[in-house]
Amino acid sequence: MSLPEFPVGFDQPILVLAACHRSIEEHIKALNRLQKSLVRRGLGEEVRAAVRGIIKFFLEVVPIHHADEELELFPRMLRAAEAMSDRASAFDLSSHLMVEHRDIEEVWERVHQNLLDLLSGEANDLDMPLCREFSRRYCDHIRREEELLFPLAARLLSDSDWRSLGTAMALRRGLPAPSFPHAA
Ligand SMILES: [Fe+2]
């Protein structure tokens, strides 16, 4: 299990956000497979490594992804919305998605504790209802972002917004700013 290797560059920030969603979905699937592995093989080194990989991903990658959206994408979208109806949609949607981020993070805290208890031997099983809740909330959230947020952002943001968004996302990861070959 590894951190996401983005097949796309930060010169296309929306694709980076979508790639991060695919990676989150992959790690959720891995979480949901864990219980079967536990039953079949017990808590051997292979299952421990899978647990540690899932913990590392959700602790390191997801906060950066949420920050990309909350600190970079949402504010640019709100600034770009000139028409009153667009402003209201952008505000309502970004507020709703931020609340969902906090809810997902709260459920993750409980999943995280369950995974730590598994590693320490304090728990023998995954809390499957909790994992299913985490999975459902996150997958629904991703679907909402891709069906509502991405199209709204695509309509509202200017080329210059996309360039500054891609640059901010790269810098957040300590990477050099991307070049924008088609920039005016
Ligand atoms: Fe997202």
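Annotations
- Close pairs (6 angstrom Cβ cut-off, 6 or more residues apart or separate chains): aromatic (Phe, Trp, Tyr) in region 8-25, more than 15 Å from the ligand (Cβ to nearest atom) anywhere: Phe10/Gly166; Phe10/Ala170; Phe10/Pro178
- Whichever residue in region 71-91 is acidic (Asp, Glu) and more than 20 Å from the chain's Cα centre (by Cα) and, among such residues, is farthest from Glu147 (Cα to Cα): Glu82
- Sole residue being more than 20 Å from Glu69 (Cα to Cα) and either among the charged types (D, E, K, R) or within 16 Å of the ligand (Cβ to nearest atom) (or both), chosen from Glu106, Glu146, Glu122: Glu122
- Of the candidates Ala50, Ala19, Ala30, the single residue that is surrounded by 14 or more Cβ atoms within 10 Å (Cβ to Cβ) and either within 16 Å of the ligand (Cβ to nearest atom) or assigned to a loop (DSSP other than H, G, I, E, B) (or both) is Ala19.
- Test: Ser179 is more than 16 Å from the ligand (Cβ to nearest atom) and at pLDDT 95 or above: no
- Residues being under 23 Å from Ser164 (Cα atoms), surrounded by fewer than 18 Cβ atoms within 10 Å (Cβ to Cβ) and within 13 Å of the ligand (Cβ to nearest atom) are represented in region 1-12 by at least one member.
- Among helices (runs of 4 or more DSSP H) entirely within region 114-184, having at least 3 residues that are closer than 22 Å to Ile24 by Cα and under 15 Å from the mean Cα position of the chain (by Cα) singles out 128-144.
- The selection criterion, being out of contact with any strand residue (DSSP E or B) (no Cβ under 9 Å at 6 or more places or on another chain), more than 14 Å from the ligand (Cβ to nearest atom), modelled with pLDDT of 95 or more and more than 30 Å from Leu43 (Cα to Cα), holds for Ala168.
- Which listed residue is among the charged types (D, E, K, R) and touching a residue at least 12 places away in the same chain (Cβ under 8 Å), from Asp117, Asp125: Asp125
The values are calculated or read from the model by the stated rules, or taken from the named source; none is laboratory data. Just so it is clear, the model here is predicted, and its values are computed rather than measured. Methodologically, a virtual Cβ is constructed for each residue, glycine included, from the backbone with ideal geometry; neighbour enumeration extends over all protein chains shown.
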